[in-house]
Amino acid sequence: MIESRNPSEAFGADAAEAPELGEVFVAVARYFSLLAEPTRLRILHAICHDERSVSAIVEATGATQTNVSRHLSLLHQAGVVSRRREGSSVLYKVLDPEFGEMCRSVCSRIAGRMDAGDLLKRGLLEFAARPR
């Protein structure tokens, strides 16, 4: 039996020895699923360093206002972004710095595997290189 109740210490343990990790794995899978949608990645890219209004996010992503609002709502419910009202606008920013770091890291790794002349790669590498 595992003595520690700290999931990070028990991570390498056999699942039969640490059944409480099942809940942790479900929560982690839910958290990672937020990255599984390209529009959400574009939204996170748009607000990673700057707080922006929904209309600015729509312009930056090229997505519809309805689609952006739906994804922002999911990200807000998951605790990844924060929102505040300023006048008639709602402003969003990335709340969870680890989430931003994880996005940057994955984008950098994937971009590094792409053709060196690819515009997408350059864009992803620029995104990843932005100061934090």
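When region 1-51 is filtered for residues that are at pLDDT 55 or above and among the basic types (Lys, Arg), the ones remaining, listed by number, are 30, 40, 42. Of the residues 56, 63, the single one that is assigned to a loop (DSSP other than H, G, I, E, B), at pLDDT 90 or above and surrounded by 12 or more Cβ atoms within 10 Å (Cβ to Cβ) is 63. Might you check whether a residue that is modelled with pLDDT of 70 or more and surrounded by 15 or more Cβ atoms within 10 Å (Cβ to Cβ) occurs anywhere in region 113-120? No. Scan region 85-102 and tell me whether some residue there is under 22 Å from residue 127 (Cα atoms) and assigned to a loop (DSSP other than H, G, I, E, B). For region 85-102, residues under 22 Å from residue 127 (Cα atoms) and assigned to a loop (DSSP other than H, G, I, E, B): present.
The values are calculated or read from the model by the stated rules, or taken from the named source; none is laboratory data. Computed from a prediction, not measured in an experiment: that's the story for all the values here. No Cβ is skipped: glycine too gets one built from the backbone with ideal geometry, and neighbour counts run over all protein chains shown.
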